[in-house]
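The values are calculated or read from the model by the stated rules, or taken from the named source; none is laboratory data. In this text the structure is predicted, and so the values were computed from the model without any measurement. As a convention, Cβ positions derive from the backbone with ideal geometry for all residues, glycine included, and neighbour counts pool all protein chains shown.
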Amino acid sequence: MKALEVKNLKVVFPTEAGIVRAVEGIDIEIEQGQCAAIVGESGCGKSVTSLAVMKLLSTPPAIVRVDKLELGGVDIKNLNDKQMQKVRGKDISMVFQDALTALNPVMPIGKQIDEIFLAHGKLNFQAKEGEENKRINLKKEAKKRTIEALKLVGISDAELRYRAYPHQLSGGMRQRVLIAMAFACNPNLIIADEPTTALDVTIQAQVLDILKELQIKQKTSLMLITHDLSIVMSMADEIYVMYCGKIVERAKTRDLFVQPLHPYTMGLLGSIARLDDERGRFVQIPLSLPSPMRKPSGCYFHPRCSFATEKCKEDMPPLEKLDDGRCIRCWNYREIQNAKK
Amino acid sequence: MKTIQGQDQEFATKILSVLKKIGITCLRILEGIWSFIKKLWKHKQGRVGLIIVALLVFCAVFAPIIAPYNPYDVTQRAEKGLSPSWDHLLGTSITTGQDIFSMLIYGARSSLSIGLITGLVIAVLGSLLGIAAGYIGGWVDTIIMRIVDILLVIPTLPLVIVMTNVLGTSYAVIVLVFAAFGWTGLARVIRSQVMLIKNANYVKAAELIGASKWYIMWRHILPAVSNLLIMSTALTSAGIMVAEAGLSFLGLGNPEAVSWGKMLADAQSSGAMLFGHWWSILAPGIGIFLAVFSFMRIGLAMEEILNPRMRKGSSMVKVFKHLNNKYLEEVFASMDDGSKLKGEYATCSINETPEGREMLACGEYAPSEEVAVTANGEESKRKEDDESA
Amino acid sequence: MKTSYVIKRILLTIFIFFIVVTLCFFIPRIGVTDPASRYYPAQSAGMTDEVYEEIKEDIRIQYGLNGTTFEQYVRYLKQLFKGDLGISYQSGNPKVIDCIAECLPWTLVLSVTNLLISLILGIIIGTMAAWKRGRWQDKALLNASTVTTALPSFFIALLLSFYLGFELELFPAYTDQNMVTGFDWSWQAISTVMYNAALPIFSMAIGGIVSYGQSTRNSVIAVSGDEFILTAKAKGLSNNRVIYGHTLRNAMLPIVTQFGMNISGLIGGAVVIEKIFNWNGMGTLFLTANSNNDYPLMMGIMIFMSAFALVANLLTDFVYSLLDPRVTLGEKR
């Protein structure tokens, strides 16, 4: 059973200035208990993808089309907002990028986690507790579970922190709160949208460890969205490389790092530092991401690609399926590989 | 002789260079005003404001030519309390028999002049004190902000009433009194803005290379707050015009001048309501409304130009109407790998406007009724558009 | 830390109050050499200058205007310290505090009702407009605000009293003064007050409702763009829970500031409206005092209004810090 299956997801934003094609028909499959990473520069449509999967994009303005959207084998494509409320937080949840803005500044963090239990856990609670005075028991039970959840992500003196406001916690602490929130109802799938970008490097490692540990312990699937390949290396089982709203390469983590096929992936890998580095300097991808309203013709990457041919300028290459589930969107990847050898 | 001539020449060149400097400054200010007007003209609300202000200024300047009678001339008074007719478009006043239409036009003079002059005085006072408080800081800041605190607490209208009672009701006094109590809000806004700019890197860089405080204030901070200044000046002027109308309505304005507030007060006290002379109330009221309205439009337009995030979202609707269903389908189909992609097809006609780019940069997409295609491709409202197209 | 700030804040308030009292004392006296001169009787033919001077001095003492201006000032401060605002020059020489006490409730009837109506209706309408963003409800509010912000409330009042008062005779265009003198807390008296207060309250509340509505709308829209609202939705909370628990709670913070500012203008804000409807409140009292050069009454009213505003500001700050845990008192805003 697949934890998540998305087929042909397309998202556009009509704006005053023109139509922004944010996501252009992408497919994602995540096996149960696995971690898939979506990697790309900022502005390539990663975050929009995650929000579209949660069905949290407000429509209008966004226009979303998808052929298939299944969560743990359950079709959620046609669910309305009310039905989605029961799914969100319980079967699928999300860790946001900046914990300071993602937490309500005027509500104690404990109360914010309580809300999840109060929204989803009612049935469980009632089975455990007696019939009398349901409301108070519910709240007490929620608080108990919140403190457990806080302890689970390694927050010491959780009872004390329960009352703290977001601004009173450190950045790493806040991110832990978000993670506790995401794992609260033990969901099938967690989407982590740049979970560590706002943190210091040392704290990043701690937070990632907790994320990985909880994922394995609770057998949750994880969709990790990031621009940082060094995070992906230790976390993900499978990697989707995204460029300008399209997936350009999909591969198992090891394969991708050992033998990147797409010139864009090579460029991305060229810009991380490694211990066994023998190069004198980093290779960088020339130019910058094109505007989502003025994408180039043909292969979107061709203006920045050093291997581009005439064909690349005219036609968009299809996402070619190789053996062992690997996918690549490039006309010339074979030639490039041969040239490299 | 030669030395004297040399001195003369030196003196002349000095004067020339000073004149040049003054000329350049004037040109720069004029250029600033012109670019400001151009900016406003592009903004729909700003244009409405500009047109009304231009109309009112025209009325005020050419009042003797436009107005059929001179309300200050005792000999040009007609019978009291006439109803509107071709001779007297809005009738005559009940107390004095002055032509109301002429009074309306002459009234623009006092309202606009007090509003504009006070607005300017407040702009100068408020920006000077605000910049001083924000940029110099320390005890200067403390003293200025304490004064602001005090002035904000004292009830303004009673104090103004007392001051006019003591000092008289000439224009100068009214302008002075309003200016003395009106600068606080502006100074506060400017101060907080200056404190932000003060920490900007370019100001720090200028300080590092040894630019003087005056230079930084004049060349970096003043330009940075100038738009904000224009905006608040327009809004304060509007507020002052309301206050002035209120003051003359209470009978505490300049008793000799024709003003809209006084016209209202006369109409009310002479029983215009009892006689059913609605025009004698409506006319000055609409005068006040137009003046205040236009200044507010300019101020708010400026605010929106400064801060595109404030945009109200109503301007989106028009654009989305072009987005018909067929076009949308084309866009969606183009994303499939098989179909050929043409470069830059996805842009509408208006894509290169600066506003458009700003919108994208902020990630701001205002919702609209016209687009209501839901996730699973259902269409609700769009059909109507297609039919009409 | 916190208590020390509270003490500091209160001391500052007292200092400002002292400055305000000083200003209120000296401003009406600018350019006036002898404020008591208007009460002197004419010097009769047989009277020597000395006797006349004595009579004048008596009058000055009677009105508390003897001695230099500074001596008067010190005397006034001493009086004020005891809570005595002095004696009015009105006929019968009532105490200033009594005059204020007599008129204050009538002003409060107008302004408090107006404020409450504006606040409650404004929040409801503003939330609705934000909810229906871009639809006709929102546009209606936007258009209403462009019009009402430019309409002075006294012009609205004049139009209302003309149309509803004189033409349709639905509401009284002038206040019935028997309402004030014969008020006895009976049901009938209260309903008479409501009937008379309808027009003045309505003419003030139109602008108030729209202004609260517009700021609520803007605030709600700004907050609903915040990321924590997305978090709340991602948690699977119901729409109601998101709106009441998260959006409104945060969107109310600027409204509290606006409300505080309006409270501080509660007493002095209705001078013109009171004049139009002949309403026997603080504004009318002040205008009468002004035209009579009734210094103690003028000063008393102004000092009372300022004190009210000061206390209101103080309370607003404290309440705000309770509502928003990020604001720790003692830090500069």
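If you go through the stretch C:175-232 one residue at a time, how many are within 26 Å of A:M181 (Cβ to Cβ), out of contact with any Asp or Glu (no Cβ under 9 Å at 6 or more places or on another chain) and surrounded by 18 or more Cβ atoms within 10 Å (Cβ to Cβ)?
Matching residues across the stretch C:175-232 total 10.
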Helices (runs of 4 or more DSSP H) contained in the stretch A:1-112 and holding at least 2 residues within 7 Å of another protein chain (Cβ to nearest Cβ)
A:81-87, A:99-102
Based on what the data block shows, is B:I131 touching a His at 6+ places or on another chain (Cβ under 9 Å) and either in the same structural domain as B:L222 (by TED's automatic domain parsing) or in a helix (DSSP H, G or I) (or both)?
no
Looking at the stretch C:235-257, is at least one residue within 14 Å of chain A (Cβ to nearest Cβ), touching a residue at least 40 places away in the same chain (Cβ under 8 Å) and surrounded by fewer than 17 Cβ atoms within 10 Å (Cβ to Cβ)?
yes
Kindly list the number of the only condition in (1) within 14 Å of chain C (Cβ to nearest Cβ); (2) in contact with a helix residue (DSSP H, G or I) (Cβ under 7 Å, 6 or more places away or on another chain) that fails for B:A123.
(1)
Return yes or no: is C:Y195 in a helix (DSSP H, G or I) and touching a Pro at 6+ places or on another chain (Cβ under 9 Å)?
yes
When restricted to C:A173, C:A150, the only residue within 21 Å of the chain's Cα centre (by Cα), under 27 Å from B:G276 (Cα atoms) and either of a type in the set (D, E) or not in a helix (DSSP H, G or I) (or both) is C:A150
Per-region count, the stretch B:67-91, residues among the hydrophobic types (A, V, I, L, M, F, W, C) and surrounded by fewer than 15 Cβ atoms within 10 Å (Cβ to Cβ)
2
In the stretch C:84-101, anything free of Cβ contacts under 8 Å to residues at least 60 places away in the same chain and touching a helix residue (DSSP H, G or I) at 6+ places or on another chain (Cβ under 8 Å) is listed as C:D84
In the stretch B:138-178, the residues that are within 22 Å of C:N262 (Cα to Cα), among the aliphatic types (A, V, I, L, M) and in contact with a helix residue (DSSP H, G or I) (Cβ under 7 Å, 6 or more places away or on another chain)
B:M145, B:V148, B:I150, B:L151, B:L152, B:V153, B:I154, B:L157, B:L159, B:V160, B:I161
Residue under question is C:V6, and the condition is that it be surrounded by 14 or more Cβ atoms within 10 Å (Cβ to Cβ), farther than 20 Å from C:N293 by Cβ, away from chain B (no Cβ under 14 Å) and at pLDDT 80 or above; does it hold?
yes
Selection count, the stretch B:166-210, where residues are of a type in the set (S, T, Y) and either in contact with a Cys (Cβ under 6 Å, 6 or more places away or on another chain) or assigned to a loop (DSSP other than H, G, I, E, B) (or both):
2
C:F183 passes all but one of the listed conditions (1) in contact with a helix residue (DSSP H, G or I) (Cβ under 7 Å, 6 or more places away or on another chain); (2) farther than 19 Å from C:L104 by Cα; the exception is number (2)
Can you find a residue in the stretch C:153-174 that is more than 22 Å from B:L247 (Cβ to Cβ) and modelled with pLDDT of 80 or more?
yes
Regarding the stretch C:237-248, can at least one residue be identified that is closer than 30 Å to C:G126 by Cα, at pLDDT 85 or above and among the charged types (D, E, K, R)?
no
Does the stretch B:21-37 include one or more residues that are surrounded by 10 or more Cβ atoms within 10 Å (Cβ to Cβ) and outside any helix (DSSP H, G or I)?
no
Quick check on the stretch A:306-315: of everything there that is free of Cβ contacts under 8 Å to residues at least 40 places away in the same chain and not in a helix (DSSP H, G or I), which residue is nearest to the other protein chains (Cβ to nearest Cβ)?
A:D315
Somewhere in the stretch C:187-201, is a residue out of contact with any His (no Cβ under 7 Å at 6 or more places or on another chain) and more than 30 Å from C:M305 (Cα to Cα)?
yes
